[in-house]
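Every number here is computed from the coordinates shown, using simple stated rules; none is lab data. Since the model is a prediction, treat every value here as computed from it, not as a measurement. As a convention, Cβ positions derive from the backbone with ideal geometry for all residues, glycine included, and neighbour counts pool all protein chains shown.
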Ligand code: ATP
Ligand code: ZN
Ligand code: MG
């Protein structure tokens, strides 16, 4: 007897996602993308009167800014860097021979100026820093990016390439903390509109190694990260579909973003996992969007 179809199998069978043979790397159908763009519109409407600007980033960011983010110190296991062939004619011959022989062909693949973006807000901070001191009201940016994390998995919610939509607040401690509280509440309102079971809980990031465990404990104790959790996967705990993060003045200091008075800016961000939110909707309301509850359809399609 064959094993029962998993949620991922059903998504492939229904033609909502397309398998590539690599776990966590999938094509998206037009229906799947429509759900994502409708969700984005819903999220954008909630903050449209508050933002100072909106940006969309490509899936890569400059290596120097990637280094500044501390990602290699904290999460080297998840990071991805872009490499290209940097050899001469002779090396090229070797490359072709190695490929034909099924041998390692990567000797002349050298790192480029680009790293794959691990978190959608990272490319924003150096842009703000280059502008000089922030205005009195700080910055409030809506943004979107594809992100990469090397965490292959059979759980459809854990992709290697996925999108985050974020709101990022940069300003004083008071401004950033108030922003995060507002969005925790709005996150709950969104989940109620979408009729998804949900729970907000304190969380920590998967810092690498033994020293990293202490950082995770401290992040939790200081309540720097909260997640919006929704049950999505077969036989697994709930999945984080949104996160609400306060970075104190760590990024302000790292990238040199300063307030009008010259002190380092505080930053906070709310991240929406776009594929995860779409998957939660398909999980709870079925694989056919035409059959979704009236209220959910109205919230998304108007
Ligand atoms: P998790 O604890 O499940 O690994 P995370 O803490 O790494 O999630 P964040 O770093 O806060 O997540 O990223 C912001 C949002 O991006 C998450 O709330 C989630 O919705 C989404 N996200 C994170 N990792 C993935 C992934 N591998 N695939 C799809 N979406 C993801
Ligand atoms: Zn962020
Ligand atoms: Mg993670």
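Need the full-extension length gain, residue 50 to residue 109, defined as separation in residues times 0.36 nm minus the C-alpha distance. One decimal, nm. Walk me through the numbers on the way to the answer.
On the way: separation 59, 0.36 × 59 = 21.24 nm, distance 4.47 nm.
Residue separation times 0.36 nm, minus the Cα-Cα distance, leaves 16.8 nm.
I need 167, 246 ordered by Cβ neighbour count within 10 Å, fewest first.
On the way: 167 26, 246 21.
Ranked by crowding around the Cβ, least crowded first: 246, 167.
Which value, to two decimals, describes the C-alpha radius of gyration of segment 163-238 once divided by 2.2 N^0.38 Å? Let's see the in-between values first.
Working: Rg = 14.6 Å, N = 76, 2.2 N^0.38 = 11.4 Å.
Segment 163-238 yields a ratio of 1.28.
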In Å, what is the Rg of the alpha-carbon atoms in segment 1-65, and how long is Dmax? 17.4, 58
Ascending count of other beta-carbon atoms within 10 Å, so fewest first, for 20, 243, 69: 20, 243, 69
Take the alpha carbon atoms of segment 201-233, find their center, do the same for segment 239-302, and report the distance between the two centers in whole angstrom. 16
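Suppose R0 equals 35 Å; then what is the FRET efficiency for residue 137 and residue 13 from their Cβ-Cβ distance, rounded to the nearest 0.05?
Numbers: r = 50 Å, r/R0 = 1.43.
The computed FRET efficiency comes out at 0.10.
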Highest-MSF residue in the chain out of 43, 236, 115 [GNM, Cα springs under 10 Å]: 236
Give me Rg over Rh for segment 34-114, both radii from the alpha carbons and Rh done the Kirkwood way, two decimal places. 1.21
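Tell me, what is the percent relative contact order of segment 1-53, built from C-alpha pairs under 8 Å that lie six or more residues apart? Numbers along the way, then the final one.
Working: 23 pairs, mean separation 10.1, N = 53.
Value for segment 1-53: 19 percent.
Kirkwood hydrodynamic radius, computed over distinct alpha-carbon pairs, for segment 2-157: how many Å, to one decimal? Could you put the intermediate results ahead of the total?
Details: mean 1/r = 0.0518 Å⁻¹.
It works out to 19.3 Å.
Exposure proxy check: 244, 12 ranked by fewest other beta carbons within 10 Å? Write down the numbers at each step before the final one.
Numbers: 244 25, 12 15.
Listed from fewest to most nearby Cβ atoms, that is 12, 244.
Does the chain come out rounded, prolate or oblate, given a ≥ b ≥ c as the square roots of the eigenvalues of its C-alpha gyration tensor, rounded meaning a/c under 1.5 and, failing that, prolate meaning a/b above b/c? Kindly include the intermediate steps, with their values, before the conclusion.
Details: a/c = 1.75, a/b = 1.05, b/c = 1.67.
In terms of gyration-tensor shape, oblate.
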Given a 10 angstrom Cα cut-off, can you work out which residue in 77, 219, 109 is the most mobile in a GNM of the chain? 109
Using a Debye calculation, one point per C-alpha and no hydration shell, please list log10 I(q)/I(0) for segment 101-206 at q = 0.14, 0.21, 0.24 Å⁻¹ in order. -0.83, -1.38, -1.42
Take the chain, connect every pair of alpha-carbon atoms lying under 10 Å apart with a spring to form a Gaussian network, then pick out the residue of 231, 156, 135 with the largest mean-square fluctuation. 135
List the relative contact order of the chain as a percent without decimals, with contacts defined as Cα pairs under 8 Å and 6+ residues apart. 20
Segment 44-91 versus segment 142-185: alpha-carbon centroid distance in Å: 14
